[in-house]
Amino acid sequence: LARIFRGKNITSDKKNVAENRYDFFMSLEPKKIVTGNSTFSNYIGAMLEDDLVVFENIEYGNAIYILYDNWDDISKLSRIDLLSGRAGSNFDRIIHSGNWKDEVRKKVAAGRL
């Protein structure tokens, strides 16, 4: 987190949001941390299985993406391509509102079956 915040004037609220998201992200117990490609270059990925990666951008205003089969190829698509359906149903997008943590846990559990 220190590297992400370096050189930025971050409010304490945004820092708290980022720390909370990072802690949740790490609670998923990733086997490996991967970095996003192209559109996801500002995201970090928690590889939970070979075909299950949760991408999180800890900065406020970004959604979580859970990518399944072919996650590496899907992570190279633009947000517009993803939301237009070009990636098929090989991903889930979860906005940080309401019970987003529970929603991520449910999707991850289902993806691990």
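Things to note:
- Degrees, to the nearest 10: 100-111 long Cα axis against longest axis of the chain: 30
- Expected 222 nm ellipticity per residue - DSSP helices of 4 or more, -39500 (n - 2.57), all of the chain, to 500: -10000 deg cm²/dmol
- Under the Karplus curve 6.51 cos²θ - 1.76 cosθ + 1.60, θ = phi - 60°, whole-Hz ³J(HN,Hα) for the range 88-99, x wherever Gly or Pro sits: x, 9, 8, 7, 10, 10, 10, 7, 6, 8, x, 8
- Rounded to the nearest whole angstrom, the semi-axes of the ellipsoid equivalent to the range 2-111, taken from the Cα gyration tensor as √(5λ), stand at 22, 16, 14, largest first.
- Nitroxide proxy distance, nm - points 7 Å out along Cα→Cβ at ASN62 and SER27: 2.0
- Mean separation of Cα contacts under 8 Å, 6 or more apart, over the residue count of the range 2-111: relative contact order %: 19
- The calculated pair-distance distribution of the range 52-113 uses every alpha carbon pair, bins of 5 angstrom beginning at 0, and gives 4, 18, 30, 25, 18, 5, 0 percent.
- Residue-by-residue Karplus 3J(HN,Hα) for the range 23-33, coefficients 6.51, -1.76, 1.60, Hz, glycine and proline x: 4, 5, 3, 6, 5, 6, 6, x, 6, 7, 9
None of the figures in this text is laboratory data; all of them are computed from the coordinates on show. Just so it is clear, the structure is predicted and the values come from calculations on it, not from any experiment. Reconstructed Cβ throughout: ideal geometry from the backbone, glycine too, with neighbour counts over all protein chains shown.
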